[in-house]
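Report on one structure; see the data block that follows.
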């Protein structure tokens, strides 16, 4: 069977397209290194704000339409509702803080907008009459840089357990 030049050309073109690395490909780990550092810096600032019970600092990374799914399956929609949730959380007797520890941040672009997927572990620290409680679990954050600054569009938390006598 004879292959035409056009047929061979089309096959080679298709193979080269399927082998092309994408923005978040492991073969290009430093493509978005500055953006990854920026996101990790924003997460560190967010952790500091949570420890200080600083509502403005806690909300600094949130987009206007930010949505949170809590470890208890509660849903808070919008920055205003999330702000109210932090005010209530910080006022709760014994509440100390939450700490998010990123394990992975992947960045890519779709339709001209940078997006990032952050995942990691979270832990809460509460002081209760029975002793310290440390609920913990996994989280996922969806970031976007649509407006020129990295903001979180949504976060999902899954509570995996609790350590300590206050649990």
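Looking at segment 72-89 only, could you name the residues that are surrounded by fewer than 16 Cβ atoms within 10 Å (Cβ to Cβ) and within 12 Å of residue 53 (Cβ to Cβ)?
Across segment 72-89, the qualifying residues are 87, 88.
Picking from 125, 69, which residue would you name as being buried (at least 16 other Cβ atoms within 10 Å of the Cβ), within 18 Å of the chain's Cα centre (by Cα) and either closer than 15 Å to residue 159 by Cβ or modelled with pLDDT of 95 or more (or both)? Walk me through how you get there before you give the answer.
On the way: 125 fails: within 18 Å of the chain's Cα centre (by Cα).
Residue meeting the stated conditions: 69.
Go through the residues of segment 16-39 one by one and say whether even a single one is in contact with a strand residue (DSSP E or B) (Cβ under 9 Å, 6 or more places away or on another chain), at pLDDT 90 or above and either under 30 Å from residue 162 (Cβ atoms) or in a strand (DSSP E or B) (or both).
Within segment 16-39, one or more residues are in contact with a strand residue (DSSP E or B) (Cβ under 9 Å, 6 or more places away or on another chain), at pLDDT 90 or above and either under 30 Å from residue 162 (Cβ atoms) or in a strand (DSSP E or B) (or both).
Might you check whether a residue that is modelled with pLDDT of 95 or more, more than 17 Å from the chain's Cα centre (by Cα) and crowded, with 17+ Cβ neighbours inside 10 Å occurs anywhere in segment 44-66?
yes
What number of residues in segment 128-158 are part of a loop (DSSP other than H, G, I, E, B) and either surrounded by 17 or more Cβ atoms within 10 Å (Cβ to Cβ) or at positive phi (or both)?
Taking segment 128-158 first, the residues part of a loop (DSSP other than H, G, I, E, B) are 129-130, 145-150.
Keeping just the survivors that are either surrounded by 17 or more Cβ atoms within 10 Å (Cβ to Cβ) or at positive phi (or both) gives 145, 148, 150.
The qualifying residues number 3.
Kindly check whether there is at least one residue in segment 98-120 that is more than 22 Å from residue 38 (Cα to Cα), part of a strand (DSSP E or B) and within 17 Å of the chain's Cα centre (by Cα). Give the steps one after another, and end with the answer.
The initial filter retains those residues of segment 98-120 that are more than 22 Å from residue 38 (Cα to Cα), namely none.
So far as segment 98-120 goes, no, none of its residues is more than 22 Å from residue 38 (Cα to Cα), part of a strand (DSSP E or B) and within 17 Å of the chain's Cα centre (by Cα).
The values are calculated or read from the model by the stated rules, or taken from the named source; none is laboratory data. What you are looking at is a predicted structure, and each value in this text was computed from that prediction instead of being measured. Note: ideal-geometry Cβ built from the backbone for every residue, glycine included; neighbour counts use all protein chains shown.
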